[in-house]
Amino acid sequence: MSQATLMDGTGLARRIVDETAKRAADLTGRTGVTPCLATVLVGEDPASVTYVRMKQNRSRKAGIASRHVPLPATTTTAELITTLTELSADPAVHGILLQHPMGHHIDERAAFEAIAPEKDVDGVTLASFSAMSFGLPGFSSCTPGGIIRLLDEYDVDPAGKRAVVVGRSAILGKPVGLLLLGRDATVTYCHSRTPAADLSSVVREADIVVAAVGRPRLIRGEDIKPGAVVVDAGYNAGNVGDVDFDSARERASLITPVPGGVGPMTIATLLSQTVEAAVRQTVA
Ligand SMILES: NC(=O)C1=CN([C@@H]2O[C@H](COP(=O)(O)OP(=O)(O)OC[C@H]3O[C@@H](n4cnc5c(N)ncnc54)[C@H](OP(=O)(O)O)[C@@H]3O)[C@@H](O)[C@H]2O)C=CC1
Ligand SMILES: Nc1nc(=O)c2c([nH]1)NC[C@@H]1CN(c3ccc(C(=O)N[C@@H](CCC(=O)O)C(=O)O)cc3)C=[N+]21
């Protein structure tokens, strides 16, 4: 088998961000309103600081204003909810991103629910999640939405395919599996309680593999079915994914690189949903 074709998330994301920038400029030109994304970060985890900065930089280039709200690591759930409730009520803010993970003392679900659904451009609330699971309009979780857009771009039709999602977090694994189910794939989830031997045997049967774990090179090339489509959402220290890229590339038909695959699509989805939120909230 020849080497897999790379799915170019960077290139597609650039096109989406360009379109988003045009939409933002059009809104600002027509109404004087600049789309604004509030980013809320609890604590100073270096990786999270970097992600939030990336999101702000990319926003600025797209004509989206950012309002950064850094909170100390000692912030309580109640204080965080107060901040999010204020941002939800602030007419100058159109989208809210609460960076995950937060400290273990914080009730993440309660915090996410303090985001007004119309400002949930990161797709983390129950309202967004249930709309997405039923195929109704709403904001998708950014990484899952970006992954589906990338599969569409490469004409990968999940219908009737066996898809495995490794990971089941609320912002990534679980929703990407539901979106694949919505596209008529036969979906299996693996997680931390899946025995390693089962992970291996389930991945071996999969036509589409989505890795969303946070364990460097957990998925080995020898387990990839020849011709499978491999989407690696993992983003570990040193720019390493959850898939052993070199060996997987020998067997897959399409594969996302890390970096340059899923990551840029996440940000592109966030920006495009922020401008969409601003358009909906602006009475022209
Ligand atoms: N590129 C991007 O835009 C984004 C990348 N990421 C990256 O994706 C990865 C996952 O992120 P996130 O979902 O937030 O992480 P979480 O830590 O919230 O979830 C990890 C998931 O992996 C499962 N898991 C842990 N160990 C194993 C194992 N040995 N075998 C199978 N499953 C396992 C866990 O299972 P259990 O539920 O049982 O605990 C859990 O469901 C990270 O590398 C993160 O950096 C995340 C968001 C966006
Ligand atoms: N509520 C919430 N929503 C998130 O979407 C969210 C989050 N919390 N917590 C952390 C993860 C991580 N994440 C990334 C986004 C972009 C890249 C990205 O653009 N990466 C580039 C490389 C960038 C570089 O290293 O220069 C790439 O893969 O090519 C990576 C990781 C979003 N996350």
With the 8 Å Cα cutoff and a minimum separation of six or more residues, the stretch 32-116 has a relative contact order in percent of 42
Taking a probe of 1.4 Å and leaving out DNA, RNA and ligands, the chain shows per residue an accessible area in Å² of 46
Excluding residues fewer than 8 positions from LYS55 in its own chain, the aspartates and glutamates with Cα under 18 Å of it are ASP18, GLU19, GLU44, ASP45, ASP120, ASP122, GLU276
Carbon/sulfur accessible area of the chain, % of total, 1.4 Å probe, equals 54
Eigenvalues of the alpha-carbon gyration tensor of the stretch 32-116, times 5 and square-rooted, give semi-axes in Å, largest first, of 22, 16, 8
Within the stretch 250-271, the residues whose backbone N lies under 15 Å from a label point placed 7 Å from the Cα of SER2 along the Cα-to-Cβ direction are 250-255
Taking max minus min of the Cα coordinates of the chain on each principal axis, largest first, gives extents in Å of 55, 42, 36
Listed residues LEU71, LEU41, LEU98; largest mean-square fluctuation, Gaussian network over the chain with Cα springs below 10 Å, found at LEU71
Taking r as the C-beta separation of ASP26 and THR85 and R0 as 30 Å, the FRET efficiency to the nearest 0.05 is 0.45
In this structure, the FRET efficiency calculated for GLU113 and ARG215 from their beta-carbon separation, with R0 = 45 Å, to the nearest 0.05, is 0.95
Length-normalised contact order of the chain, Cα under 8 Å, at least 6 apart, in percent, tallies to 23
Honestly the stretch 205-261 on the Cα gyration tensor test (a ≥ b ≥ c root eigenvalues; a/c under 1.5 rounded, otherwise a/b vs b/c for prolate or oblate) is just prolate
Going through LYS61/LYS225; LYS61/LYS161; LYS61/LYS119; LYS61/LYS174 one by one, the pairs whose alpha carbons sit over 29 Å apart turn out to be LYS61/LYS225; LYS61/LYS161; LYS61/LYS174
Farthest towards the positive end of the dipole of the chain, among ILE147, PRO259, THR10 and with Cβ unit charges of +1 on Lys and Arg and -1 on Asp and Glu, lies the Cα of THR10
Per the 1/(1 + (r/R0)^6) rule, R0 = 25 Å and r from the Cβ atoms of ASN239 and ASP155, FRET efficiency to 0.05 is 0.35
Per the helix-only model, the chain has a calculated mean residue ellipticity at 222 nm (DSSP H runs of ≥4, -39500 (n - 2.57) each, divided over all residues, rounded to the nearest 500) of -13500 deg cm²/dmol
Treating only Lys and Arg (+1) and Asp and Glu (-1) as charged, each at its beta carbon, one finds that the chain has a dipole about its Cα centre, in Debye to the nearest 20, of 340
Checking PRO70, PRO226, PRO137 against a Gaussian network model of the chain (alpha-carbon springs below 10 Å), the top fluctuating residue turns out to be PRO137
Applying the gyration tensor rule to the Cα atoms of the stretch 106-163 (axes a ≥ b ≥ c; rounded if a/c under 1.5, else prolate if a/b exceeds b/c, else oblate), the class is prolate
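The values are calculated or read from the model by the stated rules, or taken from the named source; none is laboratory data. In this text, all values refer to a predicted model and were calculated from it rather than measured experimentally. Don't worry about glycine lacking a Cβ; one is built from the backbone with ideal geometry, like all the others, and counts go over all protein chains shown. Only protein heavy atoms, including side chains, enter the accessible area calculation; ligands, DNA and RNA are left aside. Shrake-Rupley method; radii C 1.70, N 1.55, O 1.52, S 1.80 Å.
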